[in-house]
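The values are calculated or read from the model by the stated rules, or taken from the named source; none is laboratory data. Keep in mind that this is a model prediction, so the values were computed, not measured. Cβ placement follows ideal geometry from the backbone for every residue including glycine, while neighbour counts extend to all protein chains displayed.
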Amino acid sequence: MPATIDYFLTCASPWVYLGHDAARALAARHGATLKVRPVNLGEMFKVSGQVGLADRPAVRQRYRLIELQRHAEFRGKPINVKPKHFPTNPALADLTICAILADGGDPMDYMGKVFAALWAQEQNIADETTLAFLLSAAGFTPKVVLEKAQSAEVAEIRDRNTQDAIAIDATGVPSYVLNGEPFWGQDRLDLLDHALTTGRKPYSADIG
């Protein structure tokens, strides 16, 4: 039976950007489905103990810049490690993805455009005009998606995704969850690939 992989993400993460195409390719190789689930990363941080970038020690901030360059080169992705519009509020962009999903659409190509807009093209993904342009470029009707994105129904989808991510111990983004086992980080895709290839049983923290 084809696997389903929960794909927890937020549009402001460079790691989501760097792993997006690789995750799609991995899923395609295995005939698996990526179940896209935007989350509120700030709420996840409250549980995981992580802190925002500005509150991290300087040594970790410097090392992050090295890692971003390293993984961008490895993935063959252009990146500006200090983009003009970052930090930013990804809520509306995340909610547009939820809105597309709520209407039965496929947001994958649009997501790639949003991620690249922030991390490679110096665009402001918190701006409705930017998102409208990206929605149109991906084949969606901007007015319809943006209106739905600001509805209570769609906000509830993102909130539920966030709570589900917390419950499964997916402590950051991107997180890919296979059979209840979280794989946190685009640098864990090789391990996810191995799990899919071997069909092994999922690992769990419940070993006592």
Residues located in the range 69-106, provided they are within 16 Å of H20 (Cβ to Cβ), assigned to a loop (DSSP other than H, G, I, E, B) and free of Cβ contacts under 8 Å to residues at least 12 places away in the same chain | G76, D106
Scanning for something surrounded by 14 or more Cβ atoms within 10 Å (Cβ to Cβ), closer than 29 Å to K143 by Cβ and at pLDDT 95 or above, does the range 61-84 turn up at least one residue?
-> yes
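Among the residues of the range 140-191, count how many are of a type in the set (S, T, N, Q) and over 15 Å from the mean Cα position of the chain (by Cα).
Residues of the range 140-191 that are of a type in the set (S, T, N, Q), as a first pass: 141, 150-151, 161-163, 171, 175, 179, 186.
Checking the rest, the ones that are also over 15 Å from the mean Cα position of the chain (by Cα) come to 141, 150-151, 163, 179.
Within the range 140-191, residues that are of a type in the set (S, T, N, Q) and over 15 Å from the mean Cα position of the chain (by Cα) number 5.
Kindly provide the set of residues from the range 156-182 that are part of a strand (DSSP E or B), in contact with a Pro (Cβ under 9 Å, 6 or more places away or on another chain) and closer than 27 Å to V51 by Cβ, ordered by number. Give the derivation first.
The first filter runs over the range 156-182 and keeps only residues part of a strand (DSSP E or B), leaving 175-178, 181-182.
Then drop every residue that is not in contact with a Pro (Cβ under 9 Å, 6 or more places away or on another chain), which leaves 175-176, 178, 181.
S175, Y176, E181 - these are the residues of the range 156-182 that are part of a strand (DSSP E or B), in contact with a Pro (Cβ under 9 Å, 6 or more places away or on another chain) and closer than 27 Å to V51 by Cβ.
Hey, among D190, D206, D159, D164, which residue is at pLDDT below 95 and acidic (D, E)?
Details: D190 fails: at pLDDT below 95; D159 fails: at pLDDT below 95; D164 fails: at pLDDT below 95.
On inspection, the qualifying residue turns out to be D206.
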State which residue is farthest from A102 (Cα to Cα) when the search covers only the range 125-136 and only residues that are in a helix (DSSP H, G or I) and under 20 Å from the mean Cα position of the chain (by Cα).
-> T130
Under 7 Å by Cβ, and 6 or more places apart or on different chains, what pairs join a residue from the range 2-28 that is at pLDDT below 95 with one that is outside any helix (DSSP H, G or I)?
-> P2/G31; P2/A32; P2/T33
Those residues that are more than 18 Å from D109 (Cβ to Cβ), surrounded by fewer than 20 Cβ atoms within 10 Å (Cβ to Cβ) and not small (G, A, S), I need them from the range 16-39; list them, please.
-> R29, H30
Can you name every residue in the range 29-60 that is over 15 Å from G172 (Cα atoms), in a helix (DSSP H, G or I), modelled with pLDDT of 95 or more and among the charged types (D, E, K, R)?
-> R29, R60
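Looking at the range 183-208, which of its residues are among the aliphatic types (A, V, I, L, M), more than 26 Å from N40 (Cα to Cα) and in a loop (DSSP other than H, G, I, E, B)? Let's see the steps before the verdict.
Going residue by residue through the range 183-208, those that are among the aliphatic types (A, V, I, L, M) are 189, 191-192, 195-196, 205, 207.
When the remaining residues are screened for being more than 26 Å from N40 (Cα to Cα), the result is 195-196, 207.
Matches in the range 183-208: I207 only.
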Top-ranked residue in the range 86-137 [being within 22 Å of R37 (Cβ to Cβ) and of a type in the set (V, I, T); ranked as surrounded by the most Cβ atoms within 10 Å (Cβ to Cβ)] | T96
Would you confirm whether any residue within the range 180-201 is under 22 Å from A28 (Cβ atoms), in contact (Cβ under 8 Å) with a residue 60 or more places away in the chain, surrounded by fewer than 19 Cβ atoms within 10 Å (Cβ to Cβ) and of a type in the set (D, E, K, R)?
-> yes
Identify, please: which residue in the range 43-59 is free of Cβ contacts under 8 Å to residues at least 40 places away in the same chain and surrounded by 12 or more Cβ atoms within 10 Å (Cβ to Cβ) and is, among those, nearest to C11 (Cα to Cα)?
-> F45
